[in-house]
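Report on one structure; see the data block that follows.
Just so it is clear, none of the values below were taken in a lab; they were calculated from the coordinates. Since we're looking at a predicted model, the values are computed, not measured. Heads up, the Cβs are rebuilt from the backbone with ideal geometry, glycines too, and the neighbour counts pull from every protein chain shown.
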Amino acid sequence: MKIKIALLTVALLLAGVPISHSNTTPDEQFYFKINPPGPEYIGYASSNSFELRMSNSSYIQVKFKDIPQAEQLRAIEAIYECGKPNSQCVPNDQMVKNGLTGLYNSLLSSCSTNITVDCVSSLKVTKADGTILTGTPSNEFLSYNPQSFIGDPAINLPTSGSSFLYDIPALPHSGGTKYLVVAQLDGRKEKTAPAFSEPNLQMGIFAVSLVNGSFNPNTTPSDLTPGGRGPNGEPAVLAIGRNHPHLEQCIQQSRTQCAIPHPLPLDATFAITLKLSSKINGWLHGRVSNAGATLTTDADGSTRFEVSAKPVIVPMVGLFSKKSELTADLNTYYTNLPKPLGGTGLCKEFNETPQCLRQQTSFGSEGMKEFLLWLAMMKEKAIAAPTQWSIRTINDGGGLDLSCYQNNKSVSGIVMTNATNYISGPPVFNSATQTLDYKVAAPHFLPSGEVFRGTYDLLIDSKVARCLYGFSNAPIQATISVVSADGVEQSSTTSVAEKDGWMHLSANGFTFSNPTLRVKMQQTPIKIESAAPGAATSVTAPTVKPITKSSQKVISCKKGKVIKKITGTKPRCPSGYIKL
């Protein structure tokens, strides 16, 4: 099973079938309880930025037993918490000698005279009328991280920080003028590696108000006992920095305050700038619209990452069902899924008495399949529709040919959508239709019964696009269409443009639940002038070599319960995965 080094407390976001949902309570504060109604129940729920809620900084070193697939089996000899006093964590050279795997989460603080790298340097907002506002970092609230740690630049380990607030008085929301920034790096150092690999990045912006109280994080050793059991009898997860707030709606907390979310202004463009000590992957995906981003290198060698985008509304889904009432397709799906099943509760086996909640945690083809099977049982209706601004890196490149983008010094591409589920990589080439296809999925209806309208944008570096899809340097022409699951083309507003070194594909106003966005690309013919004066010219189309099945390979990679199929001309397993 995938090891988590900060328990992403889905209980703060998710739960059993809701008793009520007040019209006066913002959807951002809605949560779906984690506990099944009783034996024999299994459930499924999506979530709103669950990886960022209650996450904190932590660093551990893990000793796995010397057996095959020890990590997947959670066969562990020892765990050392590096942020605690009297820690038994060892220096880097001893990590290699002792065969220890390093895992960290690091929240990013606001940059200052004391913190000059691995920090957030600014937050700016452009209002609908073009007015640009600059946020002021506030010390009114800092997330509490009792297991913070000191980094080591020699092995690419950052120093941990805390989430914090920006105050923007000219951009009020229903809860005030404060905006919480949660930006997090997570990295891994294999037991034989000299340093941590390039980190994954995820970040979110939340409109918040503060609630005073007593909020005590739980970092007891029981949270780290591999052989123990969780609160619902489930196998223990390796986790540190585990928080138990008094209010489920907390995004982040200090010891005396809880940050409660409110709706984000949908017509405002938020631009955040980070300074990072390590290079990050240039592929991004997220719940935003109208995004743009750059990766540059500063004079001191640090990476400056700037990204701007508007928030979107993202529907949430959730349902518990008795096993006996699942559709035949869902029963077959879980019966055939590799065991142990992941999730919260008694999920190990899909037996007669499951008490299990499955969560939407991935954005690949397998996660899409499970989502759609459940969506049919949910009558295509969302349980909440909160606003969201979140962006993350794609840590495996979406199965694409690494040679097309791994040396790109800027952002290679950004996938943006308001869909509940989607494939996080760029579109794949469909050799049958000679189109680039992209899948999205969401409930057809919002909680109010209104039809939900989708947005999708792909911003991709023109050079990267030509490499990935085999196009020459000639101009590219394209059309985009939205095709429903039954094969009928939908009415939508679409646009395709190539400008300033970027290709921008956009579709808006389409409906769900499971449409395919289809892009047809071709290149403008080029004129070939004859060498003989006055001779007629001929027109020849440039050579186009689209990616086809014959030029791609598919491999299967496993990490715990997660199995990914990686496709590309030179596919390789992501960090932490093993090839099957």
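Starting from 0.36 nm per residue, how many nanometres of slack lie between Asn114 and Thr296 once their C-alpha separation is accounted for?
Result for the pair: 63.3 nm of gain on full extension.
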Revision key, fill the gap. Between Lys499 and Asn336, the two model label points (7 Å from Cα along the beta-carbon direction) sit apart by a distance in nm of 4.6
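Please arrange Thr134, Thr516, Thr344, Thr126 by counting, for each residue, the other beta carbons lying within 10 Å of its beta carbon, fewest first.
Exposure proxy ranking, most exposed first: Thr134, Thr126, Thr516, Thr344.
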Review point. For labels at Glu40 and Asp329 in the simple 7 Å Cα→Cβ model, what's the distance in nm?
Key: 2.5
**Study point:** Shape metrics for region 358-514, restricted to C-alpha atoms - Rg then Dmax, Å
**Key:** 16.3, 48
Practice item. Please list, in chain and number order, the residues 5+ apart from Ser278 or on another chain whose amide H is under 5 Å from its amide H, with Hs placed from the backbone. Key: Thr303
**Study point:** From phi via Karplus (6.51, -1.76, 1.60), per-residue ³J(HN,Hα) for region 475-491 in Hz, x at Gly/Pro
**Key:** x, 9, 10, 8, 10, 10, 9, 10, 10, 5, 4, 8, x, 8, 6, 8, 7
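So between Asp66 and Glu140, what do we pick up on full extension, going 0.36 nm a residue minus the alpha carbon distance?
That works out to 21.9 nm of additional length.
I'd like the FRET efficiency for Lys520 and Glu366, computed as 1/(1 + (r/R0)^6) with the beta carbon distance as r and R0 of 30 Å, rounded to 0.05.
0.65
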Review point. In whole Hz, what ³J(HN,Hα) sequence does region 81-98 give by Karplus (6.51, -1.76, 1.60; θ = phi - 60°), x for Gly and Pro?
Key: 8, 7, x, 9, x, 6, 5, 8, 4, 10, x, 4, 5, 6, 4, 5, 4, 8
Study note, to complete from the structure: Descending packing, highest mean Cβ count within 10 Å first, for 135-147, 479-491 is 135-147, 479-491
Practice item. Could you work out the Rg to Rh ratio of region 402-449, with Rh taken as the Kirkwood radius (inverse of the mean 1/r over all Cα pairs)? Key: 1.12
Review point. Residue by residue, what Karplus-based ³J(HN,Hα) values in Hz, rounded to whole numbers, does region 165-175 have, using 6.51, -1.76 and 1.60 with θ = phi - 60° and x for Gly and Pro?
Key: 9, 10, 9, 10, x, 7, 10, x, 10, 5, x
Study note, to complete from the structure: FRET efficiency for Ser462 and Met377 from the Cβ-Cβ distance with R0 = 35 Å, rounded to 0.05, comes out at 0.25
**Study point:** Listed pairs Lys275/Lys463; Lys63/Lys97; Lys279/Lys310; Lys310/Lys520 exceeding 20 Å between Cα atoms
**Key:** Lys275/Lys463; Lys279/Lys310; Lys310/Lys520
